[in-house]
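Asks: Below is the structure I would like to discuss, written out as structure tokens.
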Amino acid sequence: MKPSTLRIGYRYRPGRLSPAYDHVVIGSGMGGLTTAALLSDFGRKVCVLEQHYTAGGYTHSYERNGYEWDVGVHYIGDVGARTRTRLLFDYLSDGKLDWAPMDPEYDRYYIGDKVYCAVAGRRAFRDNLVASFPEEAQAIDRYMDLLTEASRAMSAFGSGRVMKPWQRFVAKPFLRAQMPSWLFETSYEVLSRLTNNQDLIAVLCGQWGDMGLPPKRSAFMVQAMIARHYLHGGYYPVGGSWHIAETIIPKIRQAGGEVFTYARVRQILVEEGRVRGVEMDDGHAIECDSLISSAGIDNTFRALLPADTVSAAGYEPLLAHAKPSFAHLCLYAGLKGTAHELGLPKTNFWIYPHNDYDRAVDEFVADMNAPFPLVYVSFPSAKDPDYLNRHPGTATIEIVAPALHEWFERWEGTTWGKRGDDYDALKQELGARLLEHLYDKLPQLRGRIDYWELSTPLTTDWFGGYRHGELYGLEHSAERLQQEWLGPRTRIPGLWLTGQDTLTCGVTGAMMSGLLTVMAVVGMRRMTPLLKRIYGGA
């Protein structure tokens, strides 16, 4: 496979633009692509602008030295049956996106010197927990009930995000009744009422890396949403994560739209308080009356919009409640030999120094030489049954850990790949530390790594456009989730929002945000027939 195969989209040139578009979307992540694809179903011509060399946002893949890695789609839940998640994926991809199940033990937690696991299937998940904590059966059953209650509440939460302010005001008593107050407590507060067993709490929060906040800081609603999302196991897109964007873009093109790469937006153009288009890095202006930003709240309001527009619309005090999530490191490793030959599982590893996750984070923030509070290990070539058809005789591993953007600030403004010996030395040190976690769990791999490289928060900014290196946009705290202004609608005429910052984190959260954004743009009356086509009787 040639490297250009993974470069999805059409390279931007002013001469390649249509004379006019119904909508312009900034960012080709899952939220932006979903929004553009669904708007195309209404006959709208949509221009998607992606600053990277390939479309897909955190769903894109890349190749180097004969290996291929995903950058954000480590696993997806809720796609093994005709769920609402699966049906929407099927609709967007025209049924061309297939999913491969991981091992029944989809997550393994190394908590200090103890090992636990998550097993696919609601009953199997529950029984496995009870087998590990037999004295906690009542607490575990209550936890399972809470997951169901939280799942039901997500519909009300999403509905509230779509409503106009006056509608939300009228519906507020109903919405509150549908969303118990404990949804907006911290994960630790809710779980500590169920049990005093700190190991059990740690296991239940063993996926905290999937939202970027440890249990004493994360909102229980998001903890519950993630746990429920994976109850029936983890899945991986057959053909690699880049295949997600590849299968969605044709729907955008059917209505005359396009997804442009190398298309960096310099600023959003505003006249008399209303959005009029965007100015590109080359100075070219693309005019439009409907602009949808999937670039994230921070980029949209602090980098792309004129400061006086943001202030006049009253967003300055609101932005103080929108804080970025943790930055991260990711080590991409390539090995000679197949996943089977090397003994690589289809199970994710979550490695923790002990069961007090928040203390581990605090210690790491205070001292970067302290143990990583979390090390996540994924085996993408083992998960993808098509991988060896593209890269025979090889295997890949990804290792993710939290990091602070501040550690890399002195290299801000430098060019990727040319940041100097000090930067490279720091990456080498951090990468070696991460590899030791891998060798500790899979000692047969020591000496088998053929190639590896480490991405830092500056890499995330360079390729993904997240200025603080954050993986999940805004932090998923209770404060953030209760910000009613974080939805598709804005106070600036002509400007709409989509992506994980307007709903919840992850690929599925961003996809659902795209659905809600289109619902807000076209109205519920026009949206109803489309929803019937997507979901039928589901």
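The values are calculated or read from the model by the stated rules, or taken from the named source; none is laboratory data. Only a predicted model underlies this, so the values are computations on that prediction, with no experimental measurement involved. With ideal geometry, Cβ positions are generated from the backbone for all residues, glycine too; neighbour counts draw on all protein chains shown.
Asks: For region 366-391, which positions are touching a residue at least 40 places away in the same chain (Cβ under 8 Å) and over 14 Å from Leu329 (Cβ atoms)?
Replies: Phe379, Pro380, Ser381, Ala382, Lys383, Asp384, Pro385, Asp386, Tyr387, Leu388, Arg390, His391, listed by residue number.
Asks: Out of the residues in region 160-201 that are at pLDDT below 95 and basic (Lys, Arg), which is nearest to Val130 (Cα to Cα)?
Replies: Arg176
Asks: Under the condition of being of a type in the set (A, V, I, L, M, F, W, C) and in a loop (DSSP other than H, G, I, E, B), which residue from region 252-285 is surrounded by the most Cβ atoms within 10 Å (Cβ to Cβ)?
Replies: Only one residue tops the list, namely Ala263.
Asks: Looking at (1) over 14 Å from the mean Cα position of the chain (by Cα); (2) among the small types (Gly, Ala, Ser); (3) outside any helix (DSSP H, G or I), which is the only condition Ala202 fails?
Replies: The number of the failed condition is (3).
Asks: Can you tell me which residue is surrounded by the fewest Cβ atoms within 10 Å (Cβ to Cβ) among those in region 184-216 that are more than 24 Å from Val375 (Cβ to Cβ) and not small (Gly, Ala, Ser)?
Replies: Asn196
Asks: While we're on this one: Mind checking which residues of region 266-294 are within 28 Å of the chain's Cα centre (by Cα), farther than 25 Å from Val522 by Cα and either aliphatic (A, V, I, L, M) or not assigned by TED's automatic domain parsing to the domain that holds Gly487 (or both)?
Replies: Answer for region 266-294, where residues must be within 28 Å of the chain's Cα centre (by Cα), farther than 25 Å from Val522 by Cα and either aliphatic (A, V, I, L, M) or not assigned by TED's automatic domain parsing to the domain that holds Gly487 (or both): just Met280.
Asks: Separate question: With (1) without any contact (Cβ under 8 Å) to a residue 12 or more places away in the chain; (2) buried (at least 18 other Cβ atoms within 10 Å of the Cβ) as the list, and Glu363 as the residue in question, which single condition is left unmet?
Replies: (2)
Asks: Here are some residues: Leu318, Leu331, Leu335. Which one is among the hydrophobic types (A, V, I, L, M, F, W, C), touching a residue at least 24 places away in the same chain (Cβ under 8 Å) and not in a strand (DSSP E or B)?
Replies: Result: Leu318 is the single residue among Leu318, Leu331, Leu335 that is among the hydrophobic types (A, V, I, L, M, F, W, C), touching a residue at least 24 places away in the same chain (Cβ under 8 Å) and not in a strand (DSSP E or B).
Asks: Quick one: count up the residues across region 410-448 that are of a type in the set (Phe, Trp, Tyr) and under 25 Å from Asn348 (Cβ atoms).
Replies: Qualifying residue count, region 410-448: 1.
So that you can scan it fast, the table gives a plain yes or no per residue for (1) of a type outside the set (Ser, Thr, Tyr); (2) closer than 23 Å to Leu175 by Cα; (3) assigned to a loop (DSSP other than H, G, I, E, B):
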{"site": "Arg480", "(1), (2), (3)": "yes, yes, no"}
{"site": "Glu484", "(1), (2), (3)": "yes, yes, yes"}
{"site": "Gly514", "(1), (2), (3)": "yes, yes, no"}
{"site": "Thr517", "(1), (2), (3)": "no, yes, no"}
{"site": "Thr528", "(1), (2), (3)": "no, yes, no"}
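Asks: Here are Leu33, Leu38: which of them is part of a helix (DSSP H, G or I), under 15 Å from Leu515 (Cβ atoms), in contact (Cβ under 8 Å) with a residue 12 or more places away in the chain and over 18 Å from the mean Cα position of the chain (by Cα)?
Replies: Leu38
Asks: Looking at the structure I just gave you, is Gln500 in contact with a helix residue (DSSP H, G or I) (Cβ under 7 Å, 6 or more places away or on another chain), surrounded by fewer than 19 Cβ atoms within 10 Å (Cβ to Cβ), outside the structural domain of Lys164 (by TED's automatic domain parsing) and in contact (Cβ under 8 Å) with a residue 12 or more places away in the chain?
Replies: Criteria not met by Gln500.
Asks: Filter region 206-218 for residues that are outside any loop (DSSP other than H, G, I, E, B) and at pLDDT below 95; which is farthest from the chain's Cα centre (by Cα)?
Replies: Of everything passing the filter in region 206-218, Gly209 is farthest from the chain's Cα centre (by Cα).
Asks: Continuing with this model, one more query. Identify all residues within region 286-315 that are out of contact with any Asp or Glu (no Cβ under 6 Å at 6 or more places or on another chain) and in a loop (DSSP other than H, G, I, E, B); write none if there are none.
Replies: Within region 286-315, Cys288, Asp289, Ser290, Ser294, Ala295, Leu305, Pro306, Ala313, Gly314, Tyr315 meet the criteria.
Asks: Quick check on this structure: which one of Gly256, Gly277 is touching a Cys at 6+ places or on another chain (Cβ under 7 Å), farther than 25 Å from Gly509 by Cβ and in contact (Cβ under 8 Å) with a residue 60 or more places away in the chain?
Replies: So the residue among Gly256, Gly277 that is touching a Cys at 6+ places or on another chain (Cβ under 7 Å), farther than 25 Å from Gly509 by Cβ and in contact (Cβ under 8 Å) with a residue 60 or more places away in the chain is Gly277.
Asks: Quick one: how many residues across region 433-482 are surrounded by fewer than 20 Cβ atoms within 10 Å (Cβ to Cβ), touching a Pro at 6+ places or on another chain (Cβ under 7 Å) and on the phi > 0 side of the Ramachandran plot?
Replies: Total satisfying the criteria: 0.
Asks: Identify, please: which residue in region 298-327 is in contact with a helix residue (DSSP H, G or I) (Cβ under 7 Å, 6 or more places away or on another chain), buried (at least 18 other Cβ atoms within 10 Å of the Cβ) and at pLDDT below 95 and is, among those, farthest from Phe379 (Cα to Cα)?
Replies: My answer is Ala322.
Asks: Has region 99-112 got at least one residue that is of a type in the set (Lys, Arg) and surrounded by fewer than 17 Cβ atoms within 10 Å (Cβ to Cβ)?
Replies: For region 99-112, residues of a type in the set (Lys, Arg) and surrounded by fewer than 17 Cβ atoms within 10 Å (Cβ to Cβ): absent.
Asks: State which residue pairs qualify: first residue under 18 Å from Ala303 (Cβ atoms) and inside region 453-476, second residue modelled with pLDDT under 90 and in a strand (DSSP E or B) in any location, beta carbons under 7 Å apart, and separation of 6 or more residues or different chains.
Replies: Note: pairs meeting the criteria are His468/Pro324; Glu470/Pro324; Leu474/Pro324.
Asks: Here is a further query. If you go through region 123-140 one residue at a time, how many are among the charged types (D, E, K, R) and out of contact with any helix residue (DSSP H, G or I) (no Cβ under 7 Å at 6 or more places or on another chain)?
Replies: Here the count works out to 3.
Asks: Where residues in region 144-183 are in a helix (DSSP H, G or I) and in contact with an Asp or Glu (Cβ under 9 Å, 6 or more places away or on another chain), which of them is surrounded by the most Cβ atoms within 10 Å (Cβ to Cβ)?
Replies: Leu183
Asks: Give region 369-418 a look and list any residue that's among the basic types (Lys, Arg) and farther than 23 Å from Tyr110 by Cα, or say none.
Replies: Answer for region 369-418, where residues must be among the basic types (Lys, Arg) and farther than 23 Å from Tyr110 by Cα: Arg390, Arg410, Lys418.
Asks: With Ala55, Ala36 as the choices, which residue is under 18 Å from Cys288 (Cα atoms) and surrounded by 18 or more Cβ atoms within 10 Å (Cβ to Cβ)?
Replies: Ala36
Asks: Which one of these is within 20 Å of Cys505 (Cβ to Cβ) and not aromatic (Phe, Trp, Tyr): Leu200, Leu146, Leu175, Leu194?
Replies: Answer to the selection: Leu146.
Asks: Step by step: first the residues of region 58-98, then only those that are polar (S, T, N, Q) and within 19 Å of the chain's Cα centre (by Cα), then the one that is surrounded by the fewest Cβ atoms within 10 Å (Cβ to Cβ). Which residue is that?
Replies: My answer is Thr85.
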